[in-house]
1. Over all distinct Cα pairs, what is the inverse of the mean 1/r for region 105-253, reported as the Kirkwood hydrodynamic radius in Å?
2. Which FRET efficiency, nearest 0.05, do residue 602 and residue 81 yield, Cβ-Cβ r, R0 51 Å?
3. Between residue 55 and residue 125, what is 0.36 nm times their sequence separation minus the Cα-Cα distance? Round to one decimal in nm.
4. Assuming R0 = 30 Å, can you tell me the calculated FRET efficiency for the pair residue 409 and residue 294, based on Cβ-Cβ distance, to the nearest 0.05?
5. Using Cα-Cα distances under 8 Å and only pairs 6 or more residues apart, what relative contact order does region 521-645 have, in percent?
6. Sequence gap at least 6, Cα distance under 8 Å: using those rules, report the relative contact order of region 47-127 to the nearest whole percent.
7. Give the shape of region 852-907 as rounded, prolate or oblate, defined through the alpha-carbon gyration tensor: a ≥ b ≥ c are the square roots of its eigenvalues, a/c under 1.5 means rounded, and otherwise the shape is prolate if a/b is larger than b/c and oblate if not.
8. May I have the convex hull volume per residue, in Å³, for the Cα set of region 47-127?
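Throughout, read-outs are computed from the coordinates displayed, never taken from laboratory work. Note that the structure is predicted; figures quoted are calculated from it, not measured. Backbone-built Cβ (ideal geometry, glycine too); neighbour counts: all protein chains shown.
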């Protein structure tokens with residue numbers, strides 16, 4: 001028998017190494033110290049029936065064969081029954097741990113989950129935190145395998161406090177490794193690398209070559225996905241070498257335990273060879289892996305290699321052989337319940353069926369694949385992870401669109417182009433669609449008050465930490481201090497997001513609130529009026545597409561691949577924006593005409609309609625207002641697109657549907673305009689009293705530069721005050737709110753009273769953080785009237801907490817229309833924050849705008865809206881035309897007026 005807590009803890013380490021880490025990590029069992037613990041942990045009294053059953057099961061288990069695993073299950077189930085009769089919870093826990101592991105290894109996931117949940121109850125009875133933590137990691141691995149990524153992350157996060165309490169580095173290593181795997185599967189490759197690097201830092205001091213090999217193998221996978229094949233191959237070869245060292249050192253029995261890891265690495269090496277078009281090498285390596293998988297009964301690994309072999313044959317044009325291997329992989333994945341990989345196999349089968357011109361079966365397979373993907377997506381509470389997950393599956397959508405458009409060419413007027421448009425909508429801005437639906441419901445209704453209190457506490461901590469950061473960067477500081485406080489903010493932000501995820505998960509109505517369906521063609525057409533045409537783009541690797549939709553028709557056009565479009569957009573923007581080029585009309589007109597021919601192959605059909613533009617990829621950075629059109633069919637004369645068309649941009653047509661749904665029953669606010677302008681950014685601002693200014697020393701040049709780069713110091717925008725005064729003069733005094741200078745502060749910007757106004761105008765600096773959009777925002781007064789620094793940053797996560805059911809938010813600032821570009825999701829930035837807060841439409845900029853020119857444009861915009869009673873989109877058009885046609889003005893080049901665009905609802909005239 002095993003006696004005492006020491007024996008139990010020793011066993012936990014053994015179980016952990018065998019059952020939790022898997023592959024190479026499982027080989028920890030053969031290290032001398034662990035091997036000794038293994039011997040001491042054997043159940044010695046073989047004459048007692050449950051012990052005999054356990055030992056017989058262990059004997060069969062160590063054979064490492066499927067038949068051995070099946071026999072071990074029978075023996076251990078018998079042992080479990082007898083341990084329960086004897087009320088021996090410790091021995092039951094030991095036996096159940098092995099049993100759960102075998103179920104998992106055989107891909108019998110429902111049985112494994114049930115087994116591990118029973119084991120969790122036992123660990124609580126035994127107060128065995130170590131086995132509890134290892135069990136949670138095992139469960140997380142299974143959840144990830146089943147595509148339940150949010151549940152996997154939540155489960156893993158429960159383990160970290162336990163590992164810290166136990167000071168058990170090997171356990172922490174397992175959790176870090178699994179976190180990385182989940183993020184890898186979500187397409188968050190940088191996050192995955194971060195966790196793998198943390199794991200590598202933990203494992204190296206442990207002196208365990210098998211564990212190091214496992215992490216190197218996994219890092220190689222990330223490098224491979226990033227297209228860094230030589231680096232990936234180097235990592236894989238290091239992993240194989242370390243694994244062989246373990247096998248040579250500890251013998252054949254140990255080799256059985258590391259076959260899974262070796263198989264994974266061989267499979268990964270084959271993938272690299274296939275991508276380097278070394279097909280013979282790839283097939284040889286894959287077959288080596290396949291032999292290992294089948295020997296140890298690892299069906300998940302077997303399916304992966306079968307799928308990869310199928311892909312090699314597909315690349316070689318051997319379609320029948322390719323289909324054979326794809327179908328074998330699909331069958332296994334269906335049987336084990338591996339839904340993410342089932343979707344992949346169906347996608348692969350669809351590619352073969354398309355080549356074989358079996359279009360009906362190709363559509364059936366890809367449709368099923370997307371149904372699985374979209375179902376898995378809804379199970380992820382975190383919106384950023386939802387976006388990343390769908391971004392990693394955009395190839396599926398592009399394939400489907402391309403297939404449908406191919407059918408549209410072969411069978412015109414059969415509705416294939418409308419179906420392709422619907423798939424484009426399914427691929428676009430889905431997380432934005434979710435959060436806008438969420439904004440219309442009360443996701444905090446019925447939620448544990450403790451969670452809501454956590455949310456509020458973290459918000460306060462973030463605000464306080466932001467103030468500390470400002471103070472730090474306003475005085476002498478080291479790079480390390482700056483990095484440390486930035487890391488603290490990042491950590492708090494992650495905690496804040498985790499609380500939001502829990503709030504979403506715990507709301508019983510959340511699924512109904514946040515699973516709006518993208519619109520189909522007829523539903524989109526109902527949103528349009530007779531004066532509006534939708535232009536929706538979808539950029540693909542080889543071909544791109546454009547759909548031109550009116551209330552009663554649809555046309556489609558094939559465009560060049562995304563790289564050609566991206567190059568054209570880049571050249572046009574450079575010639576439009578760079579100071580050395582933007583004054584030379586011939587440069588931006590020439591490149592603009594080239595881009596126009598690509599994106600508008602149908603100009604004569606547009607008449608003077610309002611254009612609702614749903615851009616994609618690089619086209620999201622295009623100032624469509626400035627695109628030159630040939631006038632009177634002349635190649636020499638041209639006018640900007642804005643001359644003939646009102647322009648509105650949207651992330652997707654479905655977003656318009658949900659915006660309109662929200663605003664239809666909303667009563668207009670009682671007052672008209674709230675404006676915040678010309679904040680005080682610096683203690684040297686002339687508006688501070690001279691005595692205060694003298695008391696505050698200026699920063700040394702190097703520190704000032706550092707602070708400026710860190711987003712702490714900003715130049716005053718002198719023309720925004722005049723802009724505000726001229727705009728306010730257009731409104732009745734009792735209908736407007738003006739907060740200028742010191743009063744243009746964060747407190748005012750977050751004051752609920754702003755919801756009383758129909759229009760909100762922010763004239764200040766914008767912050768763009770393309771890596772972490774939640775840290776993008778607006779900058780308000782950083783100094784109070786006494787010269788003391790204060791938090792003036794309104795970050796995106798703050799904006800999401802505002803309540804602004806307003807008709808229009810104007811962001812008269814730099815780059816407010818930009819953000820992090822996520823494939824499929826679009827630009828994640830301030831616009832979605834204000835739409836979530838309730839704004840029907842948002843005016844934003846696409847680049848660093850000129851202060852004085854912007855001031856003039858904004859005044860003209862409000863004049864048109866107030867004096868001529870124009871809708872916001874019509875008013876913006878007229879203001880831009882006026883700027884462009886004023887021959888006595890220096891603001892004629894499009895750089896000065898075309899950077900602003902209106903996003904959201906276009907309907908509505910000021911009453």
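1. Details: mean 1/r = 0.0614 Å⁻¹.
Evaluated over region 105-253, this radius sits at 16.3 Å.
2. On the way: r = 74 Å, r/R0 = 1.46.
Efficiency, rounded to the nearest 0.05: 0.10.
3. Working: separation 70, 0.36 × 70 = 25.20 nm, distance 2.45 nm.
Result for the pair: 22.7 nm of gain on full extension.
4. Values: r = 44 Å, r/R0 = 1.47.
Result of the calculation: an efficiency of 0.10.
5. Values: 187 pairs, mean separation 30.0, N = 125.
It rounds to 24 percent for region 521-645.
6. Values: 75 pairs, mean separation 19.4, N = 81.
Answer for region 47-127 is 24 percent.
7. Values: a/c = 2.20, a/b = 1.56, b/c = 1.41.
Taking the square roots of the gyration eigenvalues as a ≥ b ≥ c, region 852-907 is prolate.
8. On the way: hull volume 6.3 nm³, N = 81.
Hull volume over Cα atoms, normalised by residue count, gives 78 Å³.
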